[in-house]
Each structure stands twice: as structure tokens, then as C-alpha cells.
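Undergrad: Below you will find the structure I want to go over with you.
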Amino acid sequence: MPRIAVIGSYVVSLTVRVPRKPVMGEALIGDLFDMGPGGKGTNQAIAAARLGAHLDLLACLGDDPFADSAEQLYAGEGVSTDYVHRISGTNTGVGMVTLLPSGENSIVGHLGANLLMQPHHVEAFEPVIARSDILLAQLEVPLESVTRALEIAQSHRVKTILNPAPGQTLQPDTLAHVDVMTPNESEARILLDLPPDNPTPTQDLAGRLLELGVETIVVTLGKEGALIITSRGTEAIPATPVQALDVTGAGDSFNAMLAVSLGEGQELRAAVEHANLAGAYTTTHLGVIDGLPTQAELDDFRA
């Protein structure tokens, strides 16, 4: 059983499915509503726990009823809450998702307590990081805290995975502590302070990130699969074809399975193949948490 430490967020997700994108100023009525827990850190932690990992989470909640629900969720999923902090005087993070029939979505959020995670929270988490196989992080908590966690992990020779979402420009002092980075195509551009639609080929962008210190880049391509890019070259890993219902949590499922597979000692190609499968499974379910598979469910899906 791999031990995975996650530093990340908790966000309550409020999803409405609408027939098309609304225009500015329009009140558009949807045909489906779902409210559930989310946030990249939480999604990835629960996904990894369901896949069989021993999971420790560092996260910050507000002092509202959403925080109570979060603690109940973690307890039910076997996620340790020893380092889940409740911050008084602030709200728990929330995200409002507009979902299209195609499965595509857009999200507006407020991160609330997630933004109050400080480096001292991370330093108290160091004993957990030190005994882990993998540290998995995202960018829905302050960058200084993420960077500190990556530094601590590498000082203990713990493999680091950074899912750089939401996209933001990162400096070399952060990138130098990343073993595996998992951007999508737009995030790969934003990381280098470029517009998300910049025409530079993705492989060239990944090459720049390698030069800045990242050991391995795994670019997620949605229905096209993923690219593994290292100093030794590029390898395309095809996706599992499915009829997508909701792509909201696919990246989180991908990253969790990647962390679990690498934590088990699998080779990178096999780990990415398994991650593609987990991401595809999640797109066939409405709502992120409901779409995060157990290993048995993933085995059945593969069959």
C-alpha cells in the first residue's frame, strides 16, 4: 500500500447543467443540479484512498456548515484529518460549475479558507511527508506553501507530483523541486507566462520546463490521451475512448491514479496508462466524487 501525502484544497461544488453557454446578462435555466464536495486536493486525496493508498491530507476549512460536511466526508473515505485545519472567521471554498451536455464545463470559484494555508502548516506536516512515497500538490492553495512542501519532500527523497492547476506562472525556485508535472495544454503555456492559446508547440514548451528543473512532464490531452516528455524524448499514450458525461474531475482522477501507480513502483508509461483509464472512468459519471473509482470498479471498467 503506497503512502501518499496530499497538500491541497477543499471546495464545495455547485453544478448546474445548461443546454448551451449563457451570454453575459442572461438568466439561463438548467435541467440538472448537483451539490457535492470538491476541490482538487480533496478530489485527488479521496481518489487515491479509494484506489488503495494510505492517505494523509493537509487542507484548510472555514467555520461554516460546509466544513462539517468535509470532515464527515474524510472520515467516511478513510482520509486522515489530523492536519485538516478549521480557520475561524472565513468561509470554506466554493465553486460554481456550468456544465454543458457535451460534458465540457466552466467554473467560477472562491477559495476562502484554502488561501489561508501558510508555510507553518506545511512544516508541521513534515513528519507525514517524510514517511510518504509520494507528495501530490496542486495550486488551489498559496504558492509559497506548495513550494515549501515540495522542498521538504525532496529533502526527504520523496517523489513530488505537481498538478499545476489552476494555471499560473511558476518561477524556477518552485519548478526545481518538481519530479513530475502534469499540466494540460493551456496550463503548460500559462506556466511560462504565455497566453493559454499561444501557438508554440506543446513539446517545445515542455522542453523549456525541463530546462528549468522539472524532471518529467506528463501533458494531459483529454480525449487524445497524454504525452510523456523527458530529456530522453516524447511518448504519446492514447486515451480510453468513452462517451463523456462530465469531465469536471477527470484530471483529479488521473493525477490520483498516477500518484498511486508511481507509489507502487510502477514504470512511468504503465502509470500514465492507468491514469488515462481512471480519468476516462470519471468522465462517465455526473459529479466528481461519485465518479472517482475504486480499484475493483476500474478493473471492471477496463474489462
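Undergrad: Of Val11, Val84, Val23, which has the largest mean-square fluctuation in a 10 Å C-alpha GNM of the chain?
TA: Comparing Val11, Val84, Val23 in a Gaussian network model of the chain, the most mobile one is Val23.
Undergrad: Starting from the Cα-Cα distance between Leu115 and Glu235, subtract it from 0.36 nm times their residue separation and give me the gain in nm to one decimal.
TA: Working: separation 120, 0.36 × 120 = 43.20 nm, distance 3.62 nm.
Gain on extension, Leu115 to Glu235, equals 39.6 nm.
Undergrad: Filter the GluC sites (Glu not before Pro) in segment 216-300 to those in DSSP coil with at most 13 other Cβ atoms within 10 Å of their Cβ, and list the result. Could you put the intermediate results ahead of the total?
TA: Details: sites: Glu224, Glu235, Glu264, Glu267, Glu273, Glu297; in loops: Glu264, Glu267.
Within segment 216-300, the qualifying GluC sites (Glu not before Pro) (loop, at most 13 other Cβ atoms within 10 Å) are Glu267.
Undergrad: Between Asp68 and Glu26, what is the spin-label point distance in nm, taking each point 7 Å from the Cα along the Cα→C-beta axis?
TA: Going by the 7 Å Cα→Cβ label model, 3.9 nm.
Undergrad: In whole angstrom, how far apart do the alpha carbon centroids of segment 271-303 and segment 128-177 sit?
TA: A separation of 25 Å, based on Cα centres.
Undergrad: Something else now. Using just the helices of the chain, give the 222 nm mean residue ellipticity in deg cm²/dmol: DSSP H runs with n ≥ 4 each add -39,500 (n - 2.57), and the total is spread over all residues, rounded to 500.
TA: Values: 11 runs with 106 residues, N = 303.
Here the helix-only value at 222 nm equals -10000 deg cm²/dmol.
Undergrad: Within segment 206-222, list the residues whose amide N lies under 17 Å from a label point set 7 Å along Cα→Cβ of Glu104.
TA: Residues passing the 17 Å test: 221-222.
Undergrad: Extension gain Glu297-Asp197, at 0.36 nm per residue separation less the Cα-Cα distance, in nm?
TA: Details: separation 100, 0.36 × 100 = 36.00 nm, distance 3.62 nm.
Extra length available between Glu297 and Asp197 comes to 32.4 nm.
Undergrad: Under the rule a/c < 1.5 gives rounded, and otherwise a/b versus b/c splits prolate from oblate, where does the chain land using the Cα gyration tensor? Don't skip to the end; give the middle numbers.
TA: Working: a/c = 1.28, a/b = 1.07, b/c = 1.20.
Since a/c stays below 1.5, the shape of the chain is classed as rounded.
Undergrad: Under a GNM of the chain (C-alpha, springs under 10 Å), which listed residue has the highest mean-square fluctuation: Met24, Met35, Met257?
TA: Met24
Every number in this text was worked out from the coordinates using simple rules, so none of it is lab data. Keep in mind that what you see is a predicted model, and the values were worked out from it rather than measured. Glycine gets a Cβ as well: all are built from the backbone with ideal geometry, and neighbour counts include every protein chain shown.
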